[in-house]
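Q: Handing you a structure now.
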């Protein structure tokens, strides 16, 4: 008996729609990262892009627990001396809610070229509408957490 190793030619890709309304940010990002990597499939191979495309809608309605809205801070740097800029989660949710989910999912993907390719398959929208109706995406129900 031989072990099966997936390769890009043998992997079938699907499109899924995930509704982020009322979901906790970290748990949502974990599920989305697993779908992007292909860990929900029996043909999962760590070094192959075996995952599916994911469309996240209602990104502006995701929730967080505790005091994260005020205490969680996103940093960026302008590459100049003293050019550190910081933004709280509350401000990010008000201005760029799509970037909050993208940032959380990016941290859960592998670093390097494989992770960069996987992140290109993630499409996040702040509202309930998306531009991918032609791909006939399936609704993905997230696992119930207690």
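Residues checked against (1) loosely packed, with under 15 Cβ neighbours inside 10 Å; (2) more than 22 Å from residue 11 (Cα to Cα):
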site: 31; (1), (2): no, no
site: 35; (1), (2): no, no
site: 46; (1), (2): yes, no
site: 74; (1), (2): no, yes
site: 81; (1), (2): yes, yes
site: 91; (1), (2): yes, yes
site: 100; (1), (2): no, yes
site: 104; (1), (2): no, yes
site: 111; (1), (2): yes, no
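Listed here are the residues, each with its yes/no results for (1) under 15 Å from the mean Cα position of the chain (by Cα); (2) under 25 Å from residue 133 (Cα atoms).
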position	(1), (2)
5	no, no
29	yes, yes
32	yes, yes
82	no, no
107	yes, no
119	yes, yes
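Coordinate-derived values only; no laboratory data. Values in this document were obtained by computation on a predicted structure and should not be read as measured data. Reconstructed Cβ throughout: ideal geometry from the backbone, glycine too, with neighbour counts over all protein chains shown.
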